[in-house]
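The values are calculated or read from the model by the stated rules, or taken from the named source; none is laboratory data. No experiment lies behind these values; they were computed from the predicted model shown. Here the Cβ positions follow ideal geometry from the backbone for every residue, glycine too, while neighbour counts run over all protein chains shown.
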Amino acid sequence: MSTAKLTVGDKSYDLTLVEGTEGEKALDITKLRQDSGLVTLDSGYMDTGACTSAITFLDGERGILKYRGYPIEELAEHSTFTEVSYLLIYGKLPSQQELKAFEAKIASYDDIPEGLKNIINAFPKNAHPMAVLSASMVSLSTFYPEMCAQDLTKEQRDEVMVQLMGQLKVMTAYAHRHAMGLPPVKSDKSKDYSTDFLHMMTGKPVDKEVARALDVLLILHADHEQNCSTSTVRMVGSSKANPFATISGGVNALWGPLHGGANQAVLEMLADIKKEGISYQQFLEQVKDKKSASRLMGFGHRVYKNFDPRAKIIKKATDTVLNKLGVKDDLLDIAKGLEETALKDAYFVERKLYPNVDFYSGIIYRALGIPTEMFTVMFALGRLPGWMAQWKEMLEAPGFKIARPRQIYTGDVNKTYPKK
């Protein structure tokens, strides 16, 4: 076993070098504070590995994303969202029999409690859909107390995961129809996951290619390593909070504009370019001007320093949806023109700023008639299986313990309470 030596003053400490299956290396500092009294400081967790995980591998330098060892490109081409969900949760591709049983269990949760419907109906129609989703998710715990035990059995964990996949789809569509002032559309067990969801959302027949494009989009969002919302799910779940509260925590983290709200920001940027009537190059010059408030949304990524592999796939899905629906979207034309211009501009090329998955996803949702405020909810729908897989993996890991980061205190010291 390889080690590294940390020397502080006249003392040295041996740190074990851990290597992942894809060649990633890390220094194990688990006993650093115990042995030395020292902790590490890493603002934003830029260089901290909070866990080991066998679920998702991401290489930002080379633009690689794999679920359980399978390249995202192959899964997007050959798999379905429910099959990928099974893969993420259980670590293997299901047999046809296993997949059929998994999908049947999800489909069995084709409704939500009447009390939860009353709660959703009580929200103002202009309430933000993420607030409704977060509140609805945690409210499920009141209707299923048996799933809120401190230590769920394996069977209960398996059950609550299919329950959440089925009911999140239903409550999302129900809340959307309520906000639009439309009657709910009941789930249809005979339809596949994405077709059923789109039918519940729109109340209209759903084209197979359009449903498939949504399925691909959900696959692309299904997991993405230890991002903000996934880390939140692990953090909340580590306290043994019930699964509904745990997933609600992930929803709240995803709501932030620096995380799940990015595709909404892309559409707003494209709309501003159209409104101002400026050229792509003029806009990019504004972006490069540090005094300007203009920002190039949907380009670059915290992890990817190369082309986001999901962006290539979603660009193709966007063309499919718009062509099939006969939608002519000026914003798509602007997006393509902006992308082409930026990729030829040395400023962005040198900084390795390439389109990410958010650059085109909002255009697909827009073409499907989904309101901008619902975009982040759609993200949550796709990310749910990843959250649950990470939650399950954490609970089953040897040495499981509650998460409790350290800090370096920088406040006042030795103050005396003033006499009155």
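Looking at this structure, is residue 86 of a type outside the set (D, E, K, R) and without any contact (Cβ under 8 Å) to a residue 12 or more places away in the chain? The answer is no for residue 86. List pairs: first residue in region 185-202 and within 17 Å of residue 378 (Cβ to Cβ), second residue in a helix (DSSP H, G or I) and among the hydroxyl-bearing types (Ser, Thr, Tyr) anywhere in the structure, Cβ distance under 7 angstrom, at least six positions apart or on different chains. Listed pairs, sorted by first residue: 193/82. Just to verify a result, which residue in region 31-41, among those that are surrounded by 12 or more Cβ atoms within 10 Å (Cβ to Cβ) and polar (S, T, N, Q), is farthest from residue 406 (Cα to Cα)? Going through the qualifying residues, I end up with 36. State whether the residues of region 336-346 include one that is within 19 Å of the chain's Cα centre (by Cα) and in contact (Cβ under 8 Å) with a residue 24 or more places away in the chain. Looking for residues that are within 19 Å of the chain's Cα centre (by Cα) and in contact (Cβ under 8 Å) with a residue 24 or more places away in the chain, one finds none in region 336-346, hence no. With respect to the conditions (1) in a helix (DSSP H, G or I); (2) surrounded by 13 or more Cβ atoms within 10 Å (Cβ to Cβ); (3) outside the structural domain of residue 130 (by TED's automatic domain parsing); (4) among the aliphatic types (A, V, I, L, M), residue 389 falls short on a single one, namely (3). For region 234-265, residues that are of a type in the set (Gly, Ala, Ser), within 20 Å of residue 370 (Cβ to Cβ) and assigned to a helix (DSSP H, G or I) total 2.
Per the listing 6, 88, 93, the residue uniquely surrounded by 14 or more Cβ atoms within 10 Å (Cβ to Cβ) and part of a helix (DSSP H, G or I) is 88. As a summary of the residue check, residue 287 satisfies the conditions (1) modelled with pLDDT under 90; (2) among the aliphatic types (A, V, I, L, M); (3) not in a loop (DSSP other than H, G, I, E, B) except for the one numbered (1). One residue stands out among those in region 266-287 that are surrounded by fewer than 17 Cβ atoms within 10 Å (Cβ to Cβ) and of a type in the set (A, V, I, L, M): the one that is farthest from residue 373 (Cα to Cα), which is 278. The sole residue among 402, 370, 408 that is over 17 Å from the mean Cα position of the chain (by Cα), within 30 Å of residue 92 (Cβ to Cβ) and part of a loop (DSSP other than H, G, I, E, B) is 402. The single condition among (1) assigned to a helix (DSSP H, G or I); (2) more than 21 Å from the chain's Cα centre (by Cα) that residue 151 does not meet is (1). Within region 117-133, residues that are touching a residue at least 40 places away in the same chain (Cβ under 8 Å) sit with their Cβ atoms under 6 Å from residues that are assigned to a loop (DSSP other than H, G, I, E, B) and buried (at least 18 other Cβ atoms within 10 Å of the Cβ), at 6+ positions apart or across chains, in these pairs: 130/255.
Every test in (1) touching a residue at least 40 places away in the same chain (Cβ under 8 Å); (2) more than 24 Å from residue 176 (Cα to Cα); (3) assigned to a helix (DSSP H, G or I) is passed by residue 360 save one, and that test is (2).
The number of residues in region 255-265 that are touching a Leu at 6+ places or on another chain (Cβ under 9 Å) and surrounded by fewer than 21 Cβ atoms within 10 Å (Cβ to Cβ) comes to 1.
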